[in-house]
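The values are calculated or read from the model by the stated rules, or taken from the named source; none is laboratory data. Small disclaimer: the values here were computed from a predicted structure and weren't measured. So basically every Cβ, Gly included, is an ideal-geometry build from the backbone, and we count neighbours across all protein chains shown. Only protein heavy atoms, including side chains, enter the accessible area calculation; ligands, DNA and RNA are left aside. Shrake-Rupley method; radii C 1.70, N 1.55, O 1.52, S 1.80 Å.
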Amino acid sequence: QVQLVESGGGLVQAGGSLRLSCVASGRPFSNYAMAWFRQAPGKEREFVSARSTSGDSTIYADSVKGRFTISGDDAKNTVYLQMNSLMAEDTAVYYCAANTLYYSRNSQAYRYWGQGTQVTVSS
């Protein structure tokens, strides 16, 4: 069993930056592929970024590529999402997810989920 707790969300102006954190407890962090998803009001949950178990490989949604960066700190059991050049359309609840096998853009591949953290970007 793995517990995921996100933090770092908030209100920011367009063009600003935020860094989200997701702390994992339970099994060793290095066993998991980690991902970030987001869900805006009235929309389906969508993939944002993912990181392989080793951290050597990362993937991004086209909508955030070049603006967002996923990273991890194994010693702190934490994965981060650095978000720069934020836009109003980035407003959503951001969720951290973990999977023991592989990373994927498909939310159904992830077994463990955090509660989410709200990001609001004002234009």
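Descriptive notes on the structure:
- For the chain, the dipole from Cβ point charges (+1 on Lys and Arg, -1 on Asp and Glu) about the Cα centre works out to 120 debye, to the nearest 20.
- Sequence-ordered 3J(HN,Hα) estimates for the stretch 25-31 from the Karplus curve with 6.51, -1.76 and 1.60 and θ = phi - 60° stand at 10, x, 6, x, 4, 5, 7 Hz, glycine and proline given as x.
- Residues of the chain: accessible area per residue with a 1.4 Å probe, Å²: 51
- Phi angles of the stretch 5-14 translate, via the Karplus equation with coefficients 6.51, -1.76, 1.60 and θ = phi - 60°, into HN-Hα couplings of 10, 8, 7, x, x, x, 9, 9, 7, 4 Hz per residue; Gly and Pro are given as x.
- The chain - percent of accessible surface contributed by carbon and sulfur, probe 1.4 Å: 44
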